[in-house]
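Structure, as structure tokens:
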Amino acid sequence: MILFVNACVRKESRTLRLAKKILNKFDDEIKEVQLEYIDFPVMDEEFINRREQLKSEGKYNDPIFKYALDFVKADMIVVAAPYYDFSFPAMLKQYLEQINILGLIFSYLETGEIKGLCKAKSLYYVTTAGGPIINDEFGFGYVKAFANVFCGIDKVYQIKAECLDIIGADVEKILKDTDVEVEKLR
Ligand SMILES: Cc1cc2nc3c(=O)[nH]c(=O)nc-3n(C[C@H](O)[C@H](O)[C@H](O)COP(=O)(O)O)c2cc1C
């Protein structure tokens, strides 16, 4: 199963178009989580305590764990996130905050090291930007570290299209130019 984490919101989303080119390359079943329709709970003390309580009772069928369980079980993950404010939409951070559960996504070894518990071997991060992406570390870099360190997903790639909103930009050509990179994906 491919988990498609969709943080796109516009009907004409270029990021979504690019993500679909990647998804179409694979025959696997796709499970989409469309972030704009999720009413993420605030990670306050009450929420944290309730989740800890459910964990201690082994009640992993509670809806509180459903996004994390889908993430852990996926064979591959595709994240589509437009470039917002040097990074990605806040809802993607909310999603990662919700799924990053000790005992599900990762565990600690006796040495103190983090052991990722996710099945996926690869994650593709797809983004498009109005101007140039000033520093990949603020968006892709964060997701890459999350996937590498917490989830144990080694292969994390970015596919991006930049400068789409600059006056005179040939949007179709910029998007088409990503074909070469997409073709190489396995
Ligand atoms: C809320 C918001 C924040 C944005 N921030 C940036 C930014 O910091 N840098 C940039 O180059 N483009 C920025 N843009 C432009 C988008 O990155 C660009 O239009 C992108 O292609 C939108 O993706 P979409 O077509 O999938 O919606 C922003 C757009 C929005 C709506």
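Any read-out appearing in this document is the output of simple, stated calculations on the displayed coordinates, not a laboratory observation. Worth saying up front: this structure is predicted, and the values here are computed from it rather than measured. Cβ atoms come from the backbone with ideal geometry, glycine included; neighbour counts cover every protein chain shown.
Structure values in brief
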{"quantity": "Considering residues of the range 96-142 that are more than 15 Å from the ligand (Cβ to nearest atom) and acidic (Asp, Glu) only, the residue nearest to residue 62 (Cα to Cα)", "calculated": "97"}
{"quantity": "Among residues of the range 57-86, those that are over 14 Å from the mean Cα position of the chain (by Cα), within 16 Å of the ligand (Cβ to nearest atom) and surrounded by 14 or more Cβ atoms within 10 Å (Cβ to Cβ), counted", "calculated": "1"}
{"quantity": "Qualifying residue in the range 160-167 (condition: surrounded by 18 or more Cβ atoms within 10 Å (Cβ to Cβ), within 16 Å of the ligand (Cβ to nearest atom) and not in a strand (DSSP E or B))", "calculated": "yes"}
{"quantity": "Within the range 108-149, considering residues that are in a loop (DSSP other than H, G, I, E, B) and acidic (Asp, Glu), the one farthest from residue 26 (Cα to Cα)", "calculated": "110"}
{"quantity": "Matching residues in the range 1-52 - criterion: being more than 16 Å from the ligand (Cβ to nearest atom), in contact (Cβ under 8 Å) with a residue 60 or more places away in the chain, in a loop (DSSP other than H, G, I, E, B) and within 17 Å of the chain's Cα centre (by Cα)", "calculated": "1"}
{"quantity": "Members of the range 67-91 that are among the aliphatic types (A, V, I, L, M) and in contact with a strand residue (DSSP E or B) (Cβ under 7 Å, 6 or more places away or on another chain)", "calculated": "74, 76, 77, 78, 79, 80, 81"}
{"quantity": "Single residue of 173, 144 found to be of a type in the set (D, E, K, R), surrounded by 17 or more Cβ atoms within 10 Å (Cβ to Cβ) and without any contact (Cβ under 8 Å) to a residue 40 or more places away in the chain", "calculated": "144"}
{"quantity": "Every residue from the range 49-103 that is more than 19 Å from residue 31 (Cβ to Cβ) and of a type in the set (Val, Ile, Thr)", "calculated": "none"}
